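Reviewing the structure listed below.
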Amino acid sequence: MTNLLLLIPAALFLGLLGLGAYLWALKSGQFDDMEGAAARILLDDEETEEEDGPED
């Protein structure tokens with residue numbers, strides 16, 4: 001019984017912490033553009049100078 005007095009508040013605290021993290025992510029725009037990130041991975045990036053090699 002003593003374990004429940006410790007585990008129930010700990011579970012409630014962790015649940016509220018997770019809910020707070022989810023609401024913060026929702027408010028900060030983490031879930032706004034789900035399709036854009038999936039499409040951007042398919043696009044080729046422009047080559048940089050480092051990939052071309054040194055220009056002597």
R0 of 22 Å, Cβ-Cβ distance Ala10-Asp32: FRET efficiency to nearest 0.05: 0.10
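By how many nm would the segment from Ala21 to Asp44 lengthen if fully extended, with 0.36 nm per residue of separation less the alpha-carbon distance? Each step should come with its number before you reach the end.
Values: separation 23, 0.36 × 23 = 8.28 nm, distance 3.36 nm.
So the chain would gain 4.9 nm between Ala21 and Asp44.
We did not get these values from a lab; they are worked out from the coordinates using the rules stated. This structure is a prediction, so every number in the text was calculated from the model and none was measured. As a convention, Cβ positions derive from the backbone with ideal geometry for all residues, glycine included, and neighbour counts pool all protein chains shown.
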